[in-house]
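> Sharing a structure here in structure tokens format.
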Amino acid sequence: RAKEKGKNTYEFFTSDMKTAALKRAQLEKDLHYALQRGELELYYQPQVSLKSGKVIGMEALLRWNHPELGSISPDEFIPLAEESNLIIPIGEWVIREACIQNKKWQETIMPNMRVSVNLSAIQFHQHLLVKVIEQILQEIDLDPQFLEIEITESIAMYNADYVISKLKDLKQIGVKISIDDFGTGYSSLSYLKEFTIDTLKIDRSFINDLDNSGIISTIITMAKYLNLNVIAEGVETVDQILFLKQHLCDEVQGYYFSKPLPAREIEELYSSLNEVAASFTLD
Ligand code: C2E
Ligand code: MG
Ligand code: MG
Ligand code: MG
């Protein structure tokens, strides 16, 4: 009997794993066609300056509208895109699409808007990266200072010399560079000052618990010392914003203002977002 039960458990387990593996294989296969079938879409999440009380940036966040499975999160398909190297064409599409959108915004209702795109490690290490970005900017005629590249702290951590020179090359073409999810890795102060970066984004995991207030204020102080712009991610409450403002954090981003939305919806919200943002400059 026990043996029987054991056997059933075993079968149940394997069929479960098989389902997961099948889904993964299916997604990986479908991902090959996602770009050409127009299933990829950029959502945008506003970034608010606590100094000017205005929306000054938009982070582009990728979505995959799968024909059968609906919207799939980047945390689920970016790893698949990385394994299959599809991240190279997809990543290039993201950069171009975000720049095209920003150019349109700049020429209409959002002058001087900045757009940020996330770069995966594989993209960062691709030797054509800098040329590709430079070419996209020229093609679209977007001033490079309005494009920000987000790399994670983990990219910045290994092979330092190579990373430093790549960051310098990016800096040379005039784009901004930001370190995403800061605080989750192990970069030290002395390490960061070698990097030609502009912005530190404090990871959401610190912001969603104000028990971390000491860590947050220390990161802000350190960033100021290094002359970096600091953004707090994952801001959901007024209390968080007031705390961050008090500790001189430059910018905030999170569900409090808006979750990531399609470009059209962000445009509709834009003036009310600025009104909410402005309320944080009044003392
Ligand atoms: P990330 O770059 O750190 O982006 C922030 C994530 O936190 C986004 O998840 C965003 O929707 C979510 N978020 C923002 N504000 C809040 C908040 O107040 N509360 C909570 N709970 N969550 C918030 P999303 O859009 O699912 O993206 C997940 C990750 O996928 C991104 O993390 C980024 O690492 C990656 N990703 C997204 N788009 C791209 C892309 O185009 N290329 C690459 N390589 N990676 C991407
Ligand atoms: Mg990001
Ligand atoms: Mg992040
Ligand atoms: Mg993240």
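> I need the peptides 243-249, 45-51 ranked by packing, meaning the mean over residues of other C-beta atoms within 10 angstrom, with the highest value on top.
Ranked by mean Cβ neighbours within 10 Å, highest first: 45-51, 243-249.
> Same structure again: For LEU35 paired with SER165, estimate the spin-label separation in nm (one decimal), with each label point 7 Å from Cα along the Cα-to-Cβ line.
Taking the two extended label points, one gets 2.8 nm.
> To continue, here is another question. How much of the accessible area of the chain, probe 1.4 Å, is carbon plus sulfur, in whole percent?
Carbon with sulfur: 52 percent of the solvent-accessible area.
> Assign one of three labels to the stretch 92-193, namely rounded, prolate or oblate, based on the Cα gyration tensor with a ≥ b ≥ c the square roots of its eigenvalues; rounded applies when a/c is under 1.5, prolate when it is not and a/b is larger than b/c, and oblate otherwise.
Note, shape of the stretch 92-193 comes out prolate.
> Further, regarding this structure: Pairs of alpha-carbon atoms within less than 8 angstrom and 6+ residues apart define the contacts here; what relative contact order does the chain have, in percent?
19 percent
> OK, next. With a ≥ b ≥ c taken as the square roots of the eigenvalues of the C-alpha gyration tensor of the stretch 167-278, please select rounded if a/c is under 1.5 and otherwise prolate if a/b is larger than b/c or oblate if it is not?
Because a/c hits 1.5 or more and a/b fails to exceed b/c, the stretch 167-278 counts as oblate.
> Multiplying the sequence separation of ALA278 and GLU139 by 0.36 nm and subtracting their Cα-Cα distance, what value in nm do you get?
Full-extension gain reported as 46.6 nm.
> Let me have the relative contact order for the stretch 143-283, percent, based on Cα pairs under 8 Å that are six or more residues apart. Could the numbers behind the result be given before it?
Details: 181 pairs, mean separation 24.0, N = 141.
Relative contact order, the stretch 143-283: 17 percent.
> Note down the relative contact order for the stretch 17-153 as a percent, whole number, built from C-alpha pairs under 8 angstrom at least six residues apart.
Computed value for the stretch 17-153: 21 percent relative contact order.
> A further question on this structure: Greater than 31 Å separation of Cα atoms is the criterion. Which listed pairs, LYS131/LYS245; LYS193/LYS245; LYS23/LYS171, meet it? Each step should come with its number before you reach the end.
Working: LYS131/LYS245 38 Å; LYS193/LYS245 24 Å; LYS23/LYS171 40 Å.
Going by Cα-Cα distance, LYS131/LYS245; LYS23/LYS171 fall outside the 31 Å limit.
> Oh, and also: Obtain the nm distance between the two label points defined at HIS127 and THR108 by a simple spin-label model: each point lies 7 Å from its Cα along the Cα-to-C-beta direction.
Those two pseudo-labels are separated by 4.1 nm.
> Just to confirm, what accessible area per residue do you get for the chain at 1.4 Å probe, in whole Å²?
52 Å²
> Then there's this: Kindly rank 209-216, 75-82 from highest to lowest mean number of other beta carbons found within 10 Å of each residue.
Most protected by this proxy first, the peptides run 75-82, 209-216.
> With a 1.4 Å probe and all protein chains kept in place, how do MET157, MET222 rank by accessible area, largest first?
Largest accessible area first, the list is MET157, MET222.
The values are calculated or read from the model by the stated rules, or taken from the named source; none is laboratory data. Predicted model, so just to flag it, every value in this text is computed and none were measured. When we count neighbours, we look across all protein chains shown, and the Cβ atoms used for this are built from the backbone with ideal geometry, even at glycine. For accessibility, only protein heavy atoms count, side chains too; no ligands or nucleic acids. Shrake-Rupley method; radii C 1.70, N 1.55, O 1.52, S 1.80 Å.
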